[in-house]
Structure formats: C-alpha cells, structure tokens
Amino acid sequence: TTPASLWRIELAKEVIQYYAPHEGLEMAVLSGSPPKGLSDEYSDLDVIVFWSAIDVAWLEDDPLSDVDCERKYFRRMGSEDVYLESQYFGALKVAIGNVTMDLWKKEVEDVVVKHEADPSKIGALGGFQTALPLYGGDLVDQWKARLVPYPDELAEKVVRTHRRFFVPGYLLNQAYGRGDVLAYYDGVCQMLKNLLDILAGLNRMYLST
C-alpha cells in the first residue's frame, strides 16, 4: 500500500463523518485506487454515499461548508436520483456521488439477475466490490456477498456482446496501409477493450476501469 493511498483513506474517513449522522444515509464506500493501495500524487478520491432518500436541500447547503475545502459544483446527473459533488482540498479532488438505495438495487438486479452486459453497470459493481466501507460496514458486506458468485449466464452474455472484431486485413491494409494512422490506432484500442471485456467475462470478473 502506497503512502498516498493511506492518507487518502484517512481523509475519506474524516469527510464521511460530516455525512454519516444525517438521516437517511445507509452506507458509504471509498472506491478507486486508494482501497487497492495504488494511489499516487495524481490520484483523486471517489466516495459513494447511498441513501434511502436523498436530502437534496441539505446537500445543496454543502455538508463540508465548515471544512477548509472548496466546492466546485453540486448537480444532479441526468434524470436518475444521482447527485454529484466536487470538493477540492488544495489540489486534491474529492468526488462524492450520492445515490439512492433503490437505484443501486436496480443496478445489481439488472446485472446479477437479468444478466445485462451493460459496461457502466458492470463497472459500478466492480468498483463496489473492491471499495472500502466508510459507513454501514455490515450492509456493505451484505451487498458484496450478493455479487458472488458471478453468474454463468452473465459471463456468456458479456463474451457474446464483445465478440466484435474487424475483418482480416482491415487495420493493416485499409487503415495503416493507406496512411490513416488515427483509424488504425482507434481500431487497435477497440479490439483491446473488447479482449479485456471477454477475459473479464471468462474469469467471472466485474470489470471496473
């Protein structure tokens, strides 16, 4: 574990104390590189707070208003019950996502029960699986347990969804061979991403990048 990971974890624990006593908060986690021990000087913090019902008015008043940090924005993300805050502690960005338990339950059901191969939903599950509990640890553990085992039906769906590759010769002849270097590298990146998703499905892994 890097020193940058350790102090970011401690900061996240301090930040969540300004949220934890509030009514309706059920659990909170720290995702991303700090729980994996991979943070460096460029790493930010991704905190996810799960609510039975989001107190939007309270969040608009800024729970960290008495803390030495600067809030860049607070906004609703699309039509879903997701509210994103961006706080800066000096150069360190702390992103705080506020979501409802109903939305989280739906995402888990869509992937684990309905076997939807939606990369964003699968990524959300993968991020949660490796996240560090900040509040409501027992509930976090219960939700992590619901993600195991990885369904065979989902694995097959993920593999089938990402079996998209170019016809033989396209990248070398029609792209690179004609001097269209951007098309060549774009195609290579697409194939590498598909291969990663296929490997993740075969290895029963919720891929979160």
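The values are calculated or read from the model by the stated rules, or taken from the named source; none is laboratory data. Nothing here was measured: the structure is a model prediction, and the numbers come from that model. Glycine gets a Cβ as well: all are built from the backbone with ideal geometry, and neighbour counts include every protein chain shown. When the accessible area is computed, the model is the full protein with side chains, heavy atoms only, and any ligands, DNA or RNA have been set aside. Shrake-Rupley method; radii C 1.70, N 1.55, O 1.52, S 1.80 Å.
Could you calculate the contour length gain from Gln174 to Glu109, that is, 0.36 nm times the residue separation minus the distance between their Cα atoms, to one decimal place in nm?
19.1 nm
How would you order 170-179, 64-73 from highest to lowest mean count of nearby Cβ atoms within 10 Å?
Averaged packing, sorted descending, gives the order 170-179, 64-73.
Please report, as a whole percent, how much of the solvent-accessible surface of the chain comes from carbon and sulfur atoms (probe radius 1.4 Å).
53
Take every DSSP beta bridge whose two residues both sit in the chain, then give the antiparallel share in percent to the nearest 5.
Values: 23 of 30 bridges.
Here the antiparallel bridges make up roughly 75 percent for the chain.
Determine, from the Cβ-Cβ distance of Leu147 and Asp44 and an R0 of 30 Å, the FRET efficiency 1/(1 + (r/R0)^6), rounded to the nearest 0.05.
After rounding, the FRET efficiency stands at 0.75.
Quick check for me: using +1 on Lys/Arg Cβ and -1 on Asp/Glu Cβ, what's the dipole size of the chain about its Cα centre, in debye to the nearest 20? Intermediate results must be reported in sequence, preceding the final value.
Details: 21 positive and 32 negative charges, 226 e Å.
Using Cβ point charges on Lys, Arg, Asp and Glu, the chain gives about 1080 debye.
Based on alpha-carbon centroids, what's the gap between region 179-201 and region 155-174 in Å, whole number please?
Computed from Cα coordinates, the inter-centre distance equals 9 Å.
Would you mind checking which residues have amide H under 5 Å from Met27's amide H? H placed 1.01 Å from N; only 5 or more apart, or other chain.
Close amide H contacts, sequence-distant or interchain: Phe50.
Using a 1.4 angstrom probe, figure out how much accessible area the chain has per residue, in square angstrom, rounded to the nearest whole. All intermediate terms of the calculation are to be shown ahead of the outcome.
Values: 11730 Å² over 209 residues.
The answer is 56 Å² per residue.
Each residue of region 106-120 in turn: what ³J(HN,Hα) in whole Hz from Karplus with 6.51, -1.76, 1.60 and θ = phi - 60°, glycine and Pro shown as x?
5, 5, 5, 5, 4, 8, 7, 9, 8, 6, 6, 8, 7, x, 5
How much accessible area does Arg160 have with a 1.4 Å probe, in Å² rounded to the nearest 10?
140
Explain nothing, just the number: relative contact order of region 50-166, from Cα pairs under 8 Å at least 6 residues apart, as a whole percent.
RCO, region 50-166: 19 percent.
Select from Pro168, Pro149, Pro133 the residue whose mean-square fluctuation is largest in a Gaussian network model of the chain (Cα-Cα springs shorter than 10 Å).
Pro168
Residue by residue, what Karplus-based ³J(HN,Hα) values in Hz, rounded to whole numbers, does region 198-209 have, using 6.51, -1.76 and 1.60 with θ = phi - 60° and x for Gly and Pro?
Rounded to whole hertz, the list is 5, 4, 5, x, 5, 9, 6, 10, 6, 6, 10, 9.
Suppose every K and R has +1 on its Cβ and every D and E has -1 on its Cβ; what is the size of the dipole of region 1-77 about the Cα centre, in Debye to the nearest 20? All intermediate terms of the calculation are to be shown ahead of the outcome.
Details: 7 positive and 15 negative charges, 65 e Å.
Dipole size: approximately 320 debye.
Classify region 1-153: rounded, prolate or oblate, from the alpha-carbon gyration tensor (a ≥ b ≥ c, eigenvalue square roots; a/c under 1.5 rounded; otherwise prolate if a/b is larger than b/c)?
Numbers: a/c = 1.82, a/b = 1.30, b/c = 1.39.
Taking the square roots of the gyration eigenvalues as a ≥ b ≥ c, region 1-153 is oblate.
Relative contact order for the chain: what is it in percent, counting Cα pairs under 8 Å that are at least 6 residues apart?
20
Between Arg204 and Lys13, how high is the FRET efficiency from 1/(1 + (r/R0)^6) when r is the Cβ-Cβ distance and R₀ = 30 Å? Nearest 0.05.
Calculated value: 0.45.
Treating the angle as unsigned and between 0 and 90°, give the value, to the nearest 10°, between the Cα long axis of helix 137-146 and the longest Cα principal axis of the chain.
Taking Cα atoms only, the helix is inclined about 20 degrees.
Report Tyr185's accessible area, 1.4 Å probe, all protein chains in place, as a number in Å² to the nearest 10.
130
Hey, can you rank 85-92, 117-124, 43-50 by average C-beta count inside 10 Å, highest first?
Per-residue mean Cβ counts within 10 Å order the peptides as 43-50, 117-124, 85-92.
Between region 1-29 and region 97-112, what is the separation of their alpha carbon centroids in Å?
Rounded to whole Å, the Cα centres lie 21 Å apart.
With a/c under 1.5 counting as rounded, go ahead and sort region 114-166 into rounded, prolate or oblate using the C-alpha gyration tensor (a ≥ b ≥ c being the square roots of the eigenvalues; past the cut-off, prolate if a/b is larger than b/c, else oblate). Can you show the working numbers first?
Working: a/c = 3.86, a/b = 2.24, b/c = 1.72.
Here region 114-166 falls in the prolate category.
Does region 72-180 come out rounded, prolate or oblate, given a ≥ b ≥ c as the square roots of the eigenvalues of its C-alpha gyration tensor, rounded meaning a/c under 1.5 and, failing that, prolate meaning a/b above b/c?
Here region 72-180 falls in the oblate category.
Which is farthest toward the positive dipole end of the chain among Val49, Tyr73, Trp143, measuring Cα position about the Cα centre, with Cβ charges +1 (Lys, Arg) and -1 (Asp, Glu)?
So the residue we want is Trp143.
Taking Cα atoms, how many degrees apart are the long axis of helix 3-16 and the longest axis of the chain, rounded to 10 and kept between 0 and 90?
50
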